[in-house]
1. Full extension from residue 61 to residue 104: what is 0.36 nm times the residue separation minus their Cα-Cα distance, to one decimal in nm?
2. Pull up all non-local amide H partners of residue 268: gap of 5 or more, or a different chain, and H-to-H distance under 5 Å with H placed in the peptide plane.
3. Return the FRET efficiency for the residue pair residue 242, residue 161: r is the Cβ-Cβ distance, R0 is 45 Å, and the value is rounded to the nearest 0.05.
4. Can you pull the one-decimal nm distance between simple spin-label points at residue 287 and residue 68, each 7 Å off the Cα toward Cβ?
5. Run the quick spin-label model on residue 209 and residue 146: label points 7 Å from Cα toward the beta carbon, then report their separation in nm to one decimal.
6. Counting only the heavy atoms of the protein chains, how much of residue 125 is accessible to a 1.4 Å probe, in Å² to the nearest 10?
7. Please report, in debye to the nearest 20, how large the charge dipole of segment 194-314 is about its Cα centre when each Lys and Arg carries +1 at its beta carbon and each Asp and Glu carries -1 there.
8. Any idea of residue 142's accessible area? Nearest 10 Å², probe 1.4 Å.
Amino acid sequence: MSHTGNSSHLSRSAHAEASGPDSHAGHGGHGGHGGHSHGVSADADRRWLGAALVLITVFMAAEVVVGLLAGSLALLSDAAHMLTDAASIVLALVAMRLAARPAQGGYTYGLKRAEILSAQVNGLTLLILGAWLAYEAVRRLISPPAVEGGLMLVTALVGIAVNVAATWCLSRANRTSLNVEGAYQHVLNDLFAFIGTAVAALVVVLTGFARADALATLVVVALMVRAAYGLLRDSGRIFLEAAPTDVDPDVLGDRLAGRSGVVEVHDLHVWQITSGQAALSAHVLVEPGGECHEVRRDLEKVLQGEYAITHTTLQVDHAPERLLQVALPGDTAATADSAGTAPPRGPHCERAHGPVHRDGPHPH
């Protein structure tokens with residue numbers, strides 16, 4: 001008989017409720033849904049993002065005019081970068097509203113991954129803009145135009161102040177969200193760009209070395225590529241449903257298999273619904289005659305307390321009495337009993353999908 005825990009997704013503040021007795025009759029209970037919330041804390045974040053957006057938009061317009069007058073690619077590249085900053089913040093605000101909508105219809109998780117789409121777009125725009133700026137910088141290194149260093153320096157210094165304020169605003173928002181982190185990385189890189197532009201302008205004023213403008217742009221491009229790689233890597237892991245970076249599925253599976261009453265854990269899947277919201281499902285075999293509900297509650301406590309995984313689905317069954325050992329998928333010989341027959345794996349599946357975890361030494 002199957003004993004399934006369906007979607008025990010309590011918030012961290014509701015761990016105490018999760019450890020309480022199971023209120024469902026029979027063996028089909030679950031850990032409950034009381035007190036949980038997966039919504040984005042959007043109100044405060046929206047205010048901080050809105051403030052940063054106003055600062056960036058106003059200064060960006062002024063910088064385009066000054067960049068054209070000074071003939072500075074570094075200033076124009078900063079303005080272009082600020083345009084992507086503004087776009088990334090707008091995209092983040094839209095994604096927040098989508099992610100906060102309740103689950104309905106065919107979207108059983110809601111639109112929470114809208115923020116991951118936003119992070120990917122931010123990463124891609126950083127790469128595209130970086131490629132264009134690198135091309136222009138190389139072209140200006142070969143044939144440097146005249147640059148008005150004084151005007152460039154004043155504008156860069158003002159830009160540093162504006163970007164420090166905007167970066168501070170975004171740092172106040174919830175940066176565990178890849179959505180917010182994407183916007184933050186845009187603005188932070190723009191701050192670095194202005195610092196580089198100010199240094200280049202100072203070099204131009206003091207030495208007349210016009211190529212410093214293009215060299216500063218190349219430094220900014222390197223920073224943009226680094227930030228873009230991080231965003232695309234982290235958002236890509238979520239889309240591919242990889243385990244959270246701080247969770248080793250093999251270690252986690254062994255931890256669960258070592259709990260009292262557990263014979264085997266297989267079909268273990270752990271992934272992220274969106275940034276900061278992990279989910280887990282697994283098939284658990286307990287000792288014949290063991291108390292399935294008690295084992296399930298114990299495993300949920302481990303997952304919530306040690307791994308902060310609060311959205312869990314555990315199918316719990318009694319292990320077949322003749323089950324002597326379990327091999328990796330495809331190795332039928334190791335699962336045979338002394339009579340040479342392979343015992344059934346139970347009603348869940350004939351073969352495990354991935355490593356099988358048991359107490360004691362075993363292959364992964």
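1. Length gained, residue 61 through residue 104: 11.4 nm.
2. Amide H neighbours of residue 268: 283.
3. Rounded to the nearest 0.05, the efficiency is 0.65.
4. Spacing of the two 7 Å Cα→Cβ label points: 8.0 nm.
5. Label at residue 209, label at residue 146, 2.2 nm between them.
6. Rounded to the nearest 10, that gives 50 Å².
7. Dipole magnitude for segment 194-314 comes out near 760 debye.
8. Answer for residue 142: close to 130 Å² accessible.
The values are calculated or read from the model by the stated rules, or taken from the named source; none is laboratory data. Keep in mind that this is a model prediction, so the values were computed, not measured. No Cβ is skipped: glycine too gets one built from the backbone with ideal geometry, and neighbour counts run over all protein chains shown. We work out accessible area using only protein heavy atoms, side chains counted, and drop any ligands, DNA or RNA first. Shrake-Rupley method; radii C 1.70, N 1.55, O 1.52, S 1.80 Å.
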